[in-house]
Amino acid sequence: MHDVATKEFDIELRLLLEALYLKYHYDFRGYAESSLKRRLAQAAERLDCATLSQLQDRMLHEPALFPVLLDYLTVQVSELFRDPSYFRGLREHVVPVLRTYPSLKVWVAGCSTGEEAWSLAILLREEGLLERTLIYATDINPTALQRAEAGVYAVDRIASFTQNHRLSGARTSLSDYYTAAYGGAVFDRSLKGHIVFSDHSLATDSVFAEVQLLSCRNVLIYFNRELQERALGLFAESLCHKGFLGLGARESLRFSSHEASFTPVVPEDRLYQKR
Amino acid sequence: MPTPRPAPPAGRVDAIVIGASAGGVDVLTQILPALPTNFRPAVLVVLHLPRKLPSLLPEVFTARCTLPVHEATDKQPVQPGTIYFAPPNYHLLVDRDAKGPLLALSMDAPVHFSRPAIDVLFESAAAVYGPRLGGVILTGANADGALGLQAVKRRGGVTLVQAPNIAIARSPAMPQAAVAAGPVDFVLPLEQMPAVFRAWGDGGAI
């Protein structure tokens with residue numbers, strides 16, 4: 001493990017992030033430094049670079065390595081119906097309001113490999129709302145987006161997905177929505193017709209649609225406060241009047257200047273409504 | 001056992017990071033409630049816990065401690081004299097902004113099969129607090145925290161390990177790994193820890 005607790009590492013980190021931005025237009029300069037450092041130290045080690053400066057050199061001159069690094073820089077951890085109580089909160093407090101709209105737009109920001117987007121599609125189908133809904137699932141990592149769009153998950157994850165789904169207040173069986181084949185569970189194509197997978201950066205891009213529900217869970221923890229402010233600003237701008245925002249279980253608007261723009265709906269599940 | 005070094009300068013420590021695993025609740029129950037209301041450093045604790053269960057630690061320790069106790073929330077400013085526990089299934093790290101140190105969370109891969117991991121907290125806190133950090137390794141059955149404690153030391157912080165031979169919880173592996181990883185400032189039995197923490201906080205003699 002490279003020593004993240006040195007001043008040289010701090011200097012090299014800044015130079016590397018600047019280089020990635022100039023060369024590849026990916027902006028990690030507003031990411032939370034502490035976890036970024038660990039992930040870059042791991043990447044450097046895996047790529048046999050003794051220092052971040054060496055890693056920077058290789059990133060500039062070997063473009064094929066950039067996707068490898070991108071996988072270190074963007075964290076892919078999710079599961080279907082993760083934190084089931086969040087989805088229960090959506091069913092109980094958000095769905096009744098969503099029913100009042102003739103058509104719906106939902107934004108899953110930082111969708112990674114897609115688990116959250118597929119979960120919402122299933123939930124909205126169960127609640128009879130999917131037919132009038134378009135879900136935008138966005139991320140900066142093209143490899144993750146491809147996996148999200150494929151909607152194929154390892155069969156050994158299905159047991160935990162099924163349990164989560166049941167705890168979320170399921171009205172159907174999860175097995176109604178996937179076909180198991182060749183060690184993978186392939187999620188239903190008829191759900192996919194309602195999801196648009198697209199590249200979008202919360203660090204550099206702007207708002208692209210007005211949405212009634214925005215789910216962005218465990219993404220803001222990777223941002224520093226400044227970038228969190230930017231992202232929350234985009235969210236506030238994108239949400240319709242009285243639209244809903246869902247964050248991760250340990251994320252909070254409490255330390256943000258946007259707190260006053262939202263009312264907590266289910267505080268323990270981090271569900272907020274725009275004022 | 002290394003010789004304890006001379007008493008540190010006044011108020012040398014702004015934060016204390018503590019790592020514990022198997023047997024940790026018992027041990028923390030003997031340390032944290034003994035910290036007085038005027039205790040100044042922040043106390044950040046990683047205790048290995050099951051991933052899917054809610055942590056009862058904030059409730060358990062709020063009832064016993066005079067200091068305020070919180071489960072860490074992302075981007076929460078670190079307040080002096082406050083105890084923060086890492087939430088289950090998240091790494092706890094320290095970051096900083098213009099106003100000072102902040103708590104940060106991540107869902108990065110487990111380290112030593114653990115999330116939260118002690119090494120992750122200690123290395124990030126060492127980078128932010130430098131010499132004004134105390135690192136403490138308590139009972140546990142693995143090697144998490146050994147590298148982190150060395151990172152605290154390299155940045156000039158002060159380090160303490162629970163004396164393995166008296167480790168309460170039949171789990172001296174973690175203290176032993178921490179001592180084996182490199183020089184440690186203090187190896188002490190549990191009873192002496194609150195006094196040492198107070199000394200770090202107000203700069204008095206141990």
Practice task
Answer yes if at least one residue in the stretch B:147-163 is out of contact with any Ser or Thr (no Cβ under 9 Å at 6 or more places or on another chain), crowded, with 24+ Cβ neighbours inside 10 Å and among the β-branched types (Val, Ile, Thr), and no otherwise.
Solution key: yes
Practice task
Give the stretch A:240-258 a look and list any residue that's among the charged types (D, E, K, R), out of contact with any Ser or Thr (no Cβ under 6 Å at 6 or more places or on another chain) and within 13 Å of B:GLN76 (Cβ to Cβ), or say none.
Solution key: A:GLU251, A:ARG254
Practice task
For residues that are in contact with a strand residue (DSSP E or B) (Cβ under 6 Å, 6 or more places away or on another chain) and more than 10 Å from chain A (Cβ to nearest Cβ), scanning just the stretch B:118-138, find the one that is farthest from B:SER171 (Cα to Cα).
Solution key: B:TYR129
Practice task
Can you tell me which residue among A:VAL108, A:VAL94 is of a type in the set (A, V, I, L, M), open to solvent by less than 20 Å² (accessible area, probe 1.4 Å), at pLDDT 95 or above and over 18 Å from the mean Cα position of the chain (by Cα)?
Solution key: A:VAL94
Problem - First in the stretch A:152-176 and at positive phi, second anywhere and not hydroxyl-bearing (Ser, Thr, Tyr), Cβ under 6 Å, 6 or more apart - result: A:GLY169/A:ARG88; A:GLY169/A:ARG91
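For every residue, the table says whether it meets (1) touching a strand residue (DSSP E or B) at 6+ places or on another chain (Cβ under 8 Å); (2) farther than 16 Å from B:VAL43 by Cβ; (3) modelled with pLDDT of 95 or more.
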{"position": "B:ALA163", "(1), (2), (3)": "yes, yes, no"}
{"position": "B:ALA169", "(1), (2), (3)": "no, yes, no"}
{"position": "B:LEU190", "(1), (2), (3)": "yes, no, no"}
{"position": "B:TRP200", "(1), (2), (3)": "yes, no, no"}
{"position": "B:ALA205", "(1), (2), (3)": "no, yes, no"}
Fill in the blank from the handout: Out of (1) more than 17 Å from B:ALA42 (Cβ to Cβ); (2) crowded, with 21+ Cβ neighbours inside 10 Å; (3) more than 10 Å from chain A (Cβ to nearest Cβ); (4) small (Gly, Ala, Ser), the one B:SER106 does not meet is (3)
Practice task
Considering only residues that are of a type in the set (D, E, K, R) and touching an Asp or Glu at 6+ places or on another chain (Cβ under 8 Å), look in the stretch A:245-263 and name the one that is least open to solvent (accessible area, probe 1.4 Å).
Solution key: A:GLU251
Exercise for the section: Restricting attention to the stretch A:21-51, report how many residues are outside any loop (DSSP other than H, G, I, E, B), away from every other protein chain (no Cβ under 14 Å) and in contact (Cβ under 8 Å) with a residue 12 or more places away in the chain. Expected result: 3
Completion exercise
Every listed condition ((1) over 27 Å from the mean Cα position of the chain (by Cα); (2) open to solvent by less than 50 Å² (accessible area, probe 1.4 Å)) holds for A:ALA19 save (1)
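Consider B:VAL184 carefully, then state whether it is within 15 Å of the chain's Cα centre (by Cα) and more than 12 Å from every other protein chain (Cβ to nearest Cβ).
Working: within 15 Å of the chain's Cα centre (by Cα): yes; more than 12 Å from every other protein chain (Cβ to nearest Cβ): yes.
So B:VAL184 fits the description; yes.
Let me confirm something: among B:LEU49, B:LEU121, B:LEU93, B:LEU35, which residue is aliphatic (A, V, I, L, M) and open to solvent by 10 Å² or more (accessible area, probe 1.4 Å)?
Working: B:LEU121 fails: open to solvent by 10 Å² or more (accessible area, probe 1.4 Å); B:LEU93 fails: open to solvent by 10 Å² or more (accessible area, probe 1.4 Å); B:LEU35 fails: open to solvent by 10 Å² or more (accessible area, probe 1.4 Å).
Among B:LEU49, B:LEU121, B:LEU93, B:LEU35, only B:LEU49 is aliphatic (A, V, I, L, M) and open to solvent by 10 Å² or more (accessible area, probe 1.4 Å).
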Completion exercise
Only unsatisfied item for A:LEU60, checking (1) part of a helix (DSSP H, G or I); (2) touching a Cys at 6+ places or on another chain (Cβ under 9 Å), is (2)
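Given the stretch A:119-237, what helices (runs of 4 or more DSSP H) lie entirely inside it while holding 1 or more residues that are buried (at least 20 other Cβ atoms within 10 Å of the Cβ) and aromatic (Phe, Trp, Tyr)?
Values: elements: A:142-150, A:158-167, A:189-192.
So the answer is A:158-167.
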Handout entry: Enumeration of residues in the stretch A:64-77 that are in contact (Cβ under 8 Å) with a residue 40 or more places away in the chain and either open to solvent by 40 Å² or more (accessible area, probe 1.4 Å) or under 19 Å from A:ALA148 (Cβ atoms) (or both)
Key = A:PRO67, A:LEU70, A:ASP71, A:LEU73, A:THR74, A:VAL75, A:GLN76, A:VAL77
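Of all residues in the stretch A:1-16 being assigned to a loop (DSSP other than H, G, I, E, B) and at the interface with another protein chain (Cβ under 9 Å from one of its Cβ atoms), which is most open to solvent (accessible area, probe 1.4 Å)? Talk me through it step by step, then tell me what you get.
Step one: list which residues in the stretch A:1-16 are assigned to a loop (DSSP other than H, G, I, E, B), which gives A:1-6.
Add one more test, that the residue is at the interface with another protein chain (Cβ under 9 Å from one of its Cβ atoms), and what stays is A:1, A:3-6.
On the way: A:MET1: 98, A:ASP3: 48, A:VAL4: 8, A:ALA5: 6, A:THR6: 38 Å².
My answer is A:MET1.
May I ask you to list the residues in the stretch A:238-250 that are closer than 29 Å to A:SER34 by Cβ, part of a strand (DSSP E or B) and in contact (Cβ under 8 Å) with a residue 40 or more places away in the chain? Can you show your working first?
First pass over the stretch A:238-250, keeping only residues closer than 29 Å to A:SER34 by Cβ: A:238, A:245-250.
Pick out the ones that are also part of a strand (DSSP E or B) and you get A:245-247.
A:GLY246 - this is the single residue of the stretch A:238-250 that is closer than 29 Å to A:SER34 by Cβ, part of a strand (DSSP E or B) and in contact (Cβ under 8 Å) with a residue 40 or more places away in the chain.
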Fill in the blank from the handout: Going through (1) without any contact (Cβ under 8 Å) to a residue 40 or more places away in the chain; (2) in contact with a helix residue (DSSP H, G or I) (Cβ under 8 Å, 6 or more places away or on another chain) one by one, A:ILE11 fails only at (2)
Practice task
Taking B:PRO58 as meeting all but one of (1) touching a residue at least 40 places away in the same chain (Cβ under 8 Å); (2) over 17 Å from B:VAL120 (Cα atoms); (3) in contact with a His (Cβ under 7 Å, 6 or more places away or on another chain), write down the number of the exception.
Solution key: (1)
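The values are calculated or read from the model by the stated rules, or taken from the named source; none is laboratory data. What you see is a predicted model, and the numbers here were worked out from it, not measured in a lab. Cβ atoms come from the backbone with ideal geometry, glycine included; neighbour counts cover every protein chain shown. Accessible surface areas use protein heavy atoms only, side chains included; no ligands, DNA or RNA. Shrake-Rupley method; radii C 1.70, N 1.55, O 1.52, S 1.80 Å.
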